[in-house]
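The values are calculated or read from the model by the stated rules, or taken from the named source; none is laboratory data. These figures come from a predicted structure and were not determined experimentally. Quick reminder, even Gly has a Cβ in these numbers, built from the backbone with ideal geometry, and neighbours come from all protein chains shown.
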Amino acid sequence: MKKNQLQGIIYLLIGVFVIYWAQAHSPKAGLGKIIGNELSGSYVMNETWYYITLFAGIALGLIGIYRFLKVK
């Protein structure tokens, strides 16, 4: 496996994790999810940081796909 492909996979995995993490702390979560987060010590992001985190995860995922498919 080439270096670019390995870097691409790593970027893609980090991007997917960031998107998952943003969804798990969504400000649009239902009441049950919000109560569950409060009881478990977790939190809910405000809407601005939610969208910033989603954008960052999408950007990392796209960079990962680009690096994986890039041929030298």
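Being within 21 Å of GLY15 (Cβ to Cβ) and among the β-branched types (Val, Ile, Thr) is the filter; apply it to the range 35-58 and report the residue that is surrounded by the most Cβ atoms within 10 Å (Cβ to Cβ). If you could, list the steps in order and put the result at the bottom.
Applying the first criterion (within 21 Å of GLY15 (Cβ to Cβ)) to the range 35-58 yields 45, 47-58.
Those still in the list that are among the β-branched types (Val, Ile, Thr) too: 48, 52-53, 58.
Working: THR48: 9, ILE52: 12, THR53: 18, ILE58: 14.
Result: THR53.
Tally the residues that are closer than 24 Å to VAL44 by Cα and small (Gly, Ala, Ser), restricting the search to the range 1-23. Explain how you work it out, then say what you get.
Narrowing the range 1-23 to residues closer than 24 Å to VAL44 by Cα: 13-23.
Remaining after also requiring small (Gly, Ala, Ser): 15, 22.
Qualifying residue count for the region: 2.
Tell me the helices (runs of 4 or more DSSP H) entirely within the chain that contain at least 3 residues that are under 10 Å from the mean Cα position of the chain (by Cα) and in contact (Cβ under 8 Å) with a residue 40 or more places away in the chain. Break it down stepwise before answering.
Working: elements: 3-24, 31-40, 47-69.
Hits in the chain: 3-24, 47-69.
Is one or more of the residues making up the range 13-34 surrounded by fewer than 12 Cβ atoms within 10 Å (Cβ to Cβ) and of a type in the set (A, V, I, L, M)?
The initial filter retains those residues of the range 13-34 that are surrounded by fewer than 12 Cβ atoms within 10 Å (Cβ to Cβ), namely 20, 28, 30-32.
Narrowing the set further to residues that are of a type in the set (A, V, I, L, M) leaves 31.
Checking the range 13-34: at least one residue is surrounded by fewer than 12 Cβ atoms within 10 Å (Cβ to Cβ) and of a type in the set (A, V, I, L, M).
For the list (1) loosely packed, with under 12 Cβ neighbours inside 10 Å; (2) modelled with pLDDT of 85 or more, I need the number of the one condition that ARG67 fails.
Tallying (1) loosely packed, with under 12 Cβ neighbours inside 10 Å; (2) modelled with pLDDT of 85 or more, ARG67 fails exactly one: (1).
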